[in-house]
1. Sort Lys318, Lys55, Lys136, Lys247 by accessible area with a 1.4 Å probe, largest first.
2. Report Thr303's accessible area, 1.4 Å probe, all protein chains in place, as a number in Å² to the nearest 10.
3. Got a sec? What order do Arg378, Arg122, Arg83, Arg328 fall in by accessible area at 1.4 Å, biggest, i.e. largest, first?
4. Listed here are the pairs Lys265/Lys416; Lys265/Lys313; Lys55/Lys193; Lys247/Lys318; Lys237/Lys313; Lys55/Lys189; which of them are more than 21 Å apart at the Cα?
5. Seen from all sides and averaged, what is the projected area of the convex hull of the Cα atoms in the range 79-200, in nm²?
6. Using only the alpha-carbon atoms, how far is helix 361-373 inclined from the longest principal axis of the chain? Give it as 0 to 90 degrees, nearest 10.
7. Under a straight-distance cross-link criterion of Cα-Cα below 20 Å, which aspartates and glutamates are reachable from Lys140, leaving out those fewer than 8 residues away in the same chain?
8. Hey, what number do you get for the chain at 222 nm if only DSSP H runs of n ≥ 4 count, each worth -39500 (n - 2.57), divided across all residues, to the nearest 500?
Amino acid sequence: MKAFSKKLVSSALLPFLFVFVEHVGSISAFGVISKSAIGGRIATTSNSAREANPKVISPDDAEASIQPLMQLSSAHFASQALRAVVQLGIPDILGSECMTVSEMASHIGENDDIVNEDALQRTLRLLVTVGILQEKFEHKKYSFSLTNTGALLQTNVPGQPCLAPVVQHWMERPLWDSWLDLPDYIAGKGERKLLPFDRANGVSSDEFYGQNNPDSLRFANQFVRFISDGEVEAILKAFDWNSLSGKTVVDIGGRYGGIMSAVAKNFPEVKCICLDLPEVVLSAPPPPPGVELVGGNVFDPSTIPACNVIFMKHLLDKCMWDEEESIRILQSCHSALPADGTVIIGDAVLPNHVDMGSTDNNFQLQMFMDAFFLLVGREGMRTEYEWSELAAQAGYTIQTIIPTSSPSCYLIVLQKSPTL
């Protein structure tokens with residue numbers, strides 16, 4: 001998604017906004033305000049008890065910082081506009097066509113509904129500024145078409161990813177309202193351990209999605225499926241599987257062999273085995289071609305088939321095990337592997353240090369997702385340093401960390417250290 005135009009809020013407009021607030025009074029749409037004689041502008045009141053040692057910047061630096069801050073503060077305008085057009089089915093209505101607002105309006109609503117064409121046009125024009133739509137202005141009318149980014153919001157296009165469920169899942173009220181409870185959660189107000197999602201919705205996320213909320217559950221499941229499918233493709237492309245020709249790979253926790261199926265299909269010289277709990281294997285459908293399903297216990301190295309490489313995707317997530325259990329899992333793999341054995345972990349890797357304004361979209365999205373997960377109580381993603389520490393405690397060194405096209409799934413390649 002393209003960044004907001006730097007011209008979105010002009011410096012010429014800002015004085016007008018401040019004057020508007022000053023004439024409205026002490027409370028306005030801009031929040032609780034107090035008058036300040038500095039520059040004749042209005043300053044927002046602070047709830048902080050600590051006022052000492054403020055960072056004072058120059059007028060030029062302040063001027064340069066106003067637009068980025070206002071753009072960031074208004075970013076949710078575009079997010080909610082995006083959800084609105086997805087919920088209205090606009091991407092599917094447009095398809096490959098270029099339509100006027102009236103033409104789109106004829107496909108929206110039911111029975112005697114009167115579509116608010118002015119609201120629709122203004123919403124669509126907002127999404128032009130963030131790269132979802134393109135607009136034309138001819139014969140005193142606007143018309144709109146999908147960009148390549150916007151095309152991914154269409155549903156049921158064969159062979160094409162669909163991000164509409166992602167938008168619906170992230171933007172719908174249960175998760176959206178959870179962000180509003182983040183300040184109290186951080187400050188420890190109320191019931192200290194009550195998560196933001198639980199505070200906002202009165203129930204845990206497990207209870208909410210397990211109750212009679214079929215649309216929300218569908219969006220959540222489609223979101224997970226989209227991420228999972230994208231990770232499989234990313235894993236195939238990022239790693240040199242040909243280098244494992246003639247060798248055996250065991251996917252621990254691979255259930256019915258989804259990832260190993262893709263490896264076996266594209267790299268038939270690699271022997272692929274999936275290990276999961278015996279009860280999972282017993283209830284499994286026939287394995288995919290080229291994949292063997294084996295029952296076992298990751299904590300018991302004697303149940304791990306002889307292999308050259310052990311693969312694990314998200315098996316070591318902090319939400320699955322504590323650190324001691326994660327170390328035991330890796331030590332079990334260490335015992336099962338030969339001296340030159342390798343462990344490949346598919347998981348998120350947060351940077352040790354985030355550069356301000358980094359253009360690395362993978363790292364940025366990872367940081368966003370890590371903050372998002374705390375709303376529902378999921379443990380944080382590990383940093384590169386934390387992965388290195390975990391590996392060392394289990395008797396490994398990190399050979400390399402391979403980025404993939406999926407921000408949630410880097411490939412962390414571990415080699416056995418000489419001694420455990």
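1. Lys55, Lys136, Lys247, Lys318
2. The accessible area of Thr303 comes to roughly 40 Å².
3. Values: Arg378 85, Arg122 160, Arg83 60, Arg328 125 Å².
Descending accessible area places them as Arg122, Arg328, Arg378, Arg83.
4. In this structure, Lys265/Lys416; Lys55/Lys193; Lys247/Lys318; Lys55/Lys189 lie more than 21 Å apart at Cα.
5. Computing the convex hull of the Cα atoms and averaging its projections yields 10.1 nm².
6. 90 degrees
7. Glu97, Glu103, Glu117, Asp118
8. Numbers: 18 runs with 177 residues, N = 420.
Counting only the DSSP helices, I get -12500 deg cm²/dmol.
The values are calculated or read from the model by the stated rules, or taken from the named source; none is laboratory data. What you are looking at is a predicted structure, and each value in this text was computed from that prediction instead of being measured. Just so you know, the surface numbers come from the protein's heavy atoms only, side chains and all, with ligands and any DNA or RNA stripped out. Shrake-Rupley method; radii C 1.70, N 1.55, O 1.52, S 1.80 Å.
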